[in-house]
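S.K.: I'd like to ask you about the structure that follows.
The values are calculated or read from the model by the stated rules, or taken from the named source; none is laboratory data. A quick note: this is a predicted structure, and the numbers were derived from the prediction, not measured. FYI the Cβ positions are ideal-geometry reconstructions off the backbone, even for glycines, and counts take in every protein chain you see.
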Amino acid sequence: MTQNDRLPKAEGRLEWVLYDEKTGQVKKTGFTCNQVQHQCNDLVMSRATKAGGSSASMFTHMKLSIDTIPADTTTTLTSYVSGPFTVVAPDASASNNVITVLATIPAGRDTGSIQSAGLFSTPTNAGLRLCASCVMTKAAGDALALTWTLTLPYS
């Protein structure tokens, strides 16, 4: 039995809105349950169970990929869209057992046929914590707003 088998499992969700950055017109919306990587579950549960522990700071960057989501034991995305990683912001209104992370990818960045998104602990393709399927085509004039929610199995 591994440590991951003994810890309760956190549950994740990704909601996203693709919109024309100039006009604000919504082009596509979606939501999906996202995959919590094994290493993330171990870290978030151990930090959250410590008195006064916070897990929101473990999420700092995100990236889009042109490939499907990887196995839950990996720490990288394959075939991610070239360009810089997007800095994310923890939502200050999150409750004790819910962590919310917000990100907006502006127009002109991470364009093309998108298959998935990943939330990372570093600005490099390492430290993958959460990933989710989000199939869309992001054109050069489109912006993408993402809301990641991670719910811990206790309050």
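S.K.: Tell me, which residue of segment 57-74 that is modelled with pLDDT under 80 and either of a type outside the set (S, T, N, Q) or in contact with a helix residue (DSSP H, G or I) (Cβ under 6 Å, 6 or more places away or on another chain) (or both) is nearest to residue 104 (Cα to Cα)?
M.R.: Among those residues, the one meeting the criterion is 59.
S.K.: While we're looking at this one, here's another question. Taking the criterion of being surrounded by 14 or more Cβ atoms within 10 Å (Cβ to Cβ), at pLDDT 85 or above and either more than 16 Å from the chain's Cα centre (by Cα) or not basic (Lys, Arg) (or both), would at least one residue in segment 32-44 satisfy it?
M.R.: Yes.
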